[in-house]
Amino acid sequence: MPNTPPSLFNTLTRRVEPLQPLAPPRVTLYTCGPTVWNYAHIGNFRTFLFEDLLRRWLERSGYDVFHIMNLTDVDDRTIKAARQAGKKLTAHTAPFTKAFFEDRDYLRIKPAHVYTPATEYMPQMIALVSKLLERGVAYKGEDGSVYFAIAKFPTYGRLSQLDRREIKVGARVASDEYAKGDPSDFAVWKKADAEDEAVGAAWDAPFGRGRPGWHLECSAMSLSEIAQCCGVQTLDIHAGGIDLIFPHHENEIAQSEGATGQQFSRHWVHGEFLNVRGTKMSKRHGNFLTARDLREQGIDAAALRLLFFQTHYRQSVDFTDEALEAATEGVGRLGEFHARLAESGKRETGDGPLGGLSVKLEQDVATALNDDLNAPRAVAVLFEFVRAANRELDKPEPPRSVARALEAFQQVAGKELLDVLPTRRAVDPATASWIDERIAARAQARKSKDFKAADAIRAELAAQGIDIEDTPLGTKWKAR
Ligand code: AMP
Ligand code: ZN
């Protein structure tokens, strides 16, 4: 176990606190996943990317992370979207779940150990509602839905720091989302209506046919998974975007603790928004971009990762094309440096001055990430290392040993941690202009319908380790 455990801001206490897992080295991590009513936008992915870095950092620090992510495939939004599309619920959500996994892979996000689609956990959800009814913290309303009685849960409002006086006794909300100033009894099970039945979103239960409330889903799925994997009822970390603090996470705590009598999660971690000109990126505001939009534009996912990691997860980021371009350039610089280092490594013998810089890189990155996942500081440290190492390599007598530096650089910038190296192998300028010339010649051949010549050029490039792909924005190439 690390000597210094990572520290993270805990929304529950509003303090940066050392991580204290229940049974180290195991860390159970539950992250609220996408609502698969549509494609996820890069705002959603900002949250998933900070969680990805958190997971990677915990793993590198020696923890054995068990990561659970849910897929909200039944709630107000998915039902409405399915109805509008004239489809059954699962027929509507399945393609978006598939798209989410593709986007996740494009963005190099490590897959969770388990994904829990809500519709596959009905028995657990029904059991949880029964337990809440049994314990008297939930009641059946005259409208046929089951509500959580927040007055029966004395610590309600602790996470979102609501004043107990704000709680409206007797007031009820059936909707999944509502304003912070309106803490009322919320539906844990909604009586099925005609729309639910039409899309196939209704299940039989002892307390009446219906469907789970969104908040209940996460409680039931996380409790079920941690009981199965680890025999516990308490998560080590629960994470999501800040918009989930209220009502979603507040309600998750009420339901879970109301049923188990145990603390639901030891650490609560929330990431700030991705904005566009100061407004939260969202489908509702129409100011969104999806991961597939970026992929179609030929943007290297490393650029988006770098862009996001340049800002602390508890600060908002304003998305602009200029910022993405700058990040693309940054990623390019890392790629060039990587190629230079790898090239110098072929000639190496003995030890050199890069050793000290490498130790410092690793130490400073560890210090930064241990301090509330300070990714922008880690990124700054990485670029400082690149500058210092380049200065060494520029000297008339460059260091002859670079193996240690290459290893340290790859560990930090490569797949192990930040994962911000470009997909394209950096090629020297002469090769790049040869590639451009060949691609132009191929385009010419295709124009004059000489497909044999065009294919020959593709093969000629492939023989040199250059793969090409025709996209709506022209022919792109990638070096193997
Ligand atoms: P949803 O698909 O709406 O259930 O949201 C999935 C995740 O994305 C949640 O953790 C949200 O908090 C998060 N999220 C939504 N919009 C943004 C945004 N603009 N910036 C960062 N995270 C967001
Ligand atoms: Zn959730």
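The values are calculated or read from the model by the stated rules, or taken from the named source; none is laboratory data. Everything numeric in this text was worked out from a predicted model, so none of it was measured. Note that we place each Cβ from the backbone using ideal geometry, even for glycine, and neighbour counts take in every protein chain shown. Ligands, DNA and RNA are excluded from the accessible area calculation, which covers all protein heavy atoms including side chains. Shrake-Rupley method; radii C 1.70, N 1.55, O 1.52, S 1.80 Å.
Need a quick list: helices (runs of 4 or more DSSP H) entirely within the stretch 299-389 having at least 1 residues that are among the β-branched types (Val, Ile, Thr), modelled with pLDDT of 95 or more and under 23 Å from TYR106 (Cβ atoms). Break it down into steps so the answer makes sense when it comes.
Details: elements: 301-309, 321-345, 354-370.
Once the helices (runs of 4 or more DSSP H) in the stretch 299-389 are filtered for at least 1 residues that are among the β-branched types (Val, Ile, Thr), modelled with pLDDT of 95 or more and under 23 Å from TYR106 (Cβ atoms), what remains is 321-345.
Starting from residues that are surrounded by fewer than 18 Cβ atoms within 10 Å (Cβ to Cβ) and of a type outside the set (Gly, Ala, Ser), keep the ones in the stretch 277-288 and report whichever is farthest from ligand 1 (Cβ to nearest atom).
The selected residue is ARG277.
Out of the residues in the stretch 58-70 meeting the condition of being surrounded by 22 or more Cβ atoms within 10 Å (Cβ to Cβ) and not polar (S, T, N, Q), tell me which one is farthest from ligand 2 (Cβ to nearest atom).
Filtering first and then ranking leaves TYR63.
Tell me yes or no: at least one residue of the stretch 25-35 is buried (at least 23 other Cβ atoms within 10 Å of the Cβ), more than 16 Å from ligand 2 (Cβ to nearest atom) and farther than 24 Å from ASN275 by Cα.
Yes: one or more hits.
Report, by residue number, each residue of the stretch 237-285 that is among the small types (Gly, Ala, Ser), touching a residue at least 60 places away in the same chain (Cβ under 8 Å) and more than 12 Å from ligand 2 (Cβ to nearest atom).
ALA254, GLY258, ALA259, GLY271, SER282 - these are the residues of the stretch 237-285 that are among the small types (Gly, Ala, Ser), touching a residue at least 60 places away in the same chain (Cβ under 8 Å) and more than 12 Å from ligand 2 (Cβ to nearest atom).
Sort out which residues of the stretch 408-436 are open to solvent by less than 50 Å² (accessible area, probe 1.4 Å), assigned to a helix (DSSP H, G or I), closer than 21 Å to ALA327 by Cβ and modelled with pLDDT of 85 or more, and write them in order of number.
Looking only at the stretch 408-436, we keep the residues that are open to solvent by less than 50 Å² (accessible area, probe 1.4 Å), and these are 408-409, 412-414, 417-422, 426-427, 431-432, 435.
Filter again for assigned to a helix (DSSP H, G or I), leaving 408-409, 412-413, 431-432, 435.
The next check asks that each one be closer than 21 Å to ALA327 by Cβ; those that pass are 409, 412-413, 432.
Selection gives PHE409, VAL412, ALA413.
Starting from the stretch 152-171, keep only residues that are open to solvent by less than 80 Å² (accessible area, probe 1.4 Å), then list their pairs with residues that are charged (D, E, K, R) whose Cβ atoms are within a distance under 6 Å, requiring at least 6 positions of separation or different chains.
Close Cβ pairs (under 6 Å, with a partner that is charged (D, E, K, R)) amount to LEU159/GLU250; SER160/GLU250.
Which members of the stretch 114-150 meet the condition of being surrounded by fewer than 21 Cβ atoms within 10 Å (Cβ to Cβ) and either of a type in the set (Lys, Arg) or in a strand (DSSP E or B) (or both)?
Within the stretch 114-150, VAL114, TYR115, PRO117, LYS131, ARG135, TYR139, LYS140 qualify.
Could you run through the stretch 219-236 and say how many residues are within 13 Å of ligand 2 (Cβ to nearest atom) and within 18 Å of LEU12 (Cα to Cα)? Even if it seems obvious, please write down each step before you answer.
Filtering the stretch 219-236 for residues within 13 Å of ligand 2 (Cβ to nearest atom) gives 219-223, 225, 235.
This time we only want the ones that are within 18 Å of LEU12 (Cα to Cα), so: 219, 235.
Within the stretch 219-236, residues that are within 13 Å of ligand 2 (Cβ to nearest atom) and within 18 Å of LEU12 (Cα to Cα) number 2.
For the stretch 223-243, enumerate the residues that are within 16 Å of ligand 1 (Cβ to nearest atom) and open to solvent by less than 10 Å² (accessible area, probe 1.4 Å).
LEU235, ILE237, HIS238, ALA239, GLY240, GLY241
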